[in-house]
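Please treat every number below as a calculation from the coordinates, not as lab data. Note that the structure is a prediction, hence the values are computed from the model and not measured. No Cβ is skipped: glycine too gets one built from the backbone with ideal geometry, and neighbour counts run over all protein chains shown.
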Amino acid sequence: MIRLCIAVLLSLIGFSAAAQTLPATDQQRPALKAEAIITGDIVRIGDLVDRAGIIANVPIFRAPDLGSTGTVSADAVVEAVRAHALVGLDTNGLTEVVVTRASRTIPAKLIEDTLAAALAKQYSLGEPKNLVIGFERDMRAIQVEPNASGDPRVSRVTYDARSGHFDATVEIPTGAANRGLLRLSGRAVPAVDVVTVNRTVERGIVLKDSDVSVERRARADVGRDIIVDLEQAVGFAARTALQPGRPLRSADLMKPEVVSRNDTVTLTYEIPGVMLTVRGKALDGGAEGDVINVLNEQSKRTVQGVVTGPGRVMIGTRQPKLAANLSPSNAAAR
């Protein structure tokens, strides 16, 4: 019996030793990752290798810049972990690992809007949305640590109202409890919306939606009587040739001509109970409501009348002598 127990014990000891020398299964082996997202400026073994064990937190590479993506070759990873006694790394057939540095993006527009609000409030420049800001250096989005909380804030700003020049210091959240300083300078001026044409428009052409657009311009550069709404331009005709990029003014537009120069028109003289009509020739072009000169083709005299519609001109009752220029043979009693 004792001999049997000893034999069983020896067989168990041998099985245990054999189990310890068996190779690890694929599920137990450390394996290379295809992609890794890093927080912080150091890449650790565990960022690139699954099941790295106790050496997972050992740093081996420098991380890409905030918000950037880079690659590291599989051979470089194998070489880096070998020094830390990690053997049997399964590369999964990969040749490289894509590494992305996590970040939070602070848009350039947010910084610009924050600065505009500070300038408008401190220097009484009106609505922040009506400020046009130009920076001396290109303003770009800023990448900060993903745990950075809060928004940018202006800690200092100076402004020259005559030149529009400003200098500002903006605090930017860079980490959980850290803030960095961004120094900015440039020019800020109050602005207005203006309507401009997108192409050269000849006199008399009626503007369509596709012909006009709205742009923001410095208020001091546009003067008075500018058109600020597309509805004030669409459907109206160019009084003179219009050039693209130039702000439209009220004087640049007119109602569309319904009578053109040399058109044959019907001249009408109307008083209570009587309406006289005769054919005439327009000596001027005009829109509805415009006063133009018309040649009475029978009397050969020039009269003035108000355009009332396409091909129609009304002789006003304040000009009774003009009625005598109408031929009675063409008069029609109402």
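Over segment 132-282, what is the relative contact order in percent, taking alpha-carbon pairs closer than 8 angstrom and at least six residues apart? Don't jump to the answer; show the numbers that get you there.
Numbers: 299 pairs, mean separation 26.1, N = 151.
With pairs under 8 Å counted, the relative contact order is 17 percent.
Between G223, G204, G273, the Gaussian network model of the chain with springs among Cα atoms under 10 angstrom shows the greatest mean-square fluctuation at G273. With R₀ set to 51 Å, the beta-carbon distance separating N92 from R137 gives a calculated FRET efficiency near 0.70. Computed from Cα positions, the angle between helix 108-123 and the longest principal axis of the chain comes to roughly 60 degrees. In this structure, the amide hydrogen of G186, modeled 1.01 Å from its nitrogen in the peptide plane, lies closer than 5 angstrom to those of E136, F166, counting only residues at least 5 positions away or on a different chain.
Placing unit charges on the Cβ atoms of the charged side chains and taking the dipole of segment 192-256 about its Cα centre, the candidate lying farthest along the positive direction among P247, V192, V214 is P247.
Once fully extended, how much extra length lies between N147 and S213, figured as 0.36 nm per residue of separation less the alpha-carbon to alpha-carbon distance? It would help to have the intermediate numbers written out before the result.
Values: separation 66, 0.36 × 66 = 23.76 nm, distance 4.19 nm.
Roughly 19.6 nm would be gained on extension.
Computed over segment 27-102, the quotient of the alpha carbon radius of gyration and 2.2 N^0.38 Å is 1.00.
When the trypsin sites (Lys or Arg not before Pro) in segment 61-151 are filtered for DSSP coil states and for at most 16 other beta-carbon atoms within 10 Å of their beta-carbon, the remaining sites are R137, R140. Label-to-label distance for V58 and Q243 is 7.3 nm, based on points extended 7 Å past Cα in the beta-carbon direction.
Suppose we flag GluC sites (Glu not before Pro) only when DSSP calls them loop and at most 16 other Cβ atoms lie within 10 Å. Which is the longest uninterrupted stretch of the chain?
Between the exposed loop sites, the longest stretch runs 1-135.
As a calculated quantity, the FRET efficiency between S155 and D65 at R0 = 30 Å, using C-beta atoms, amounts to about 0.70.
Here the contact order of the chain, divided by its residue count and restricted to Cα pairs under 8 Å and six or more residues apart, works out to 9 percent.
Charges at C-beta only: +1 for Lys and Arg, -1 for Asp and Glu. How large is the resulting dipole of segment 212-252 about its Cα centre, in Debye rounded to 20?
Values: 7 positive and 6 negative charges, 33 e Å.
Its charge dipole is roughly 160 debye.
Given that just one value was derived from the coordinates, which of [x] 0.94; [y] 1.07; [z] 2.09 is Cα Rg over 2.2 N^0.38 Å? It is the value labelled [z]. Largest GNM mean-square fluctuation across D160, D138, D225, computed for the chain with C-alpha springs under 10 Å, falls on D138. Counting lysine pairs in the chain whose alpha carbons fall under 21 angstrom apart, excluding pairs fewer than 8 residues apart on the same chain, gives 8.
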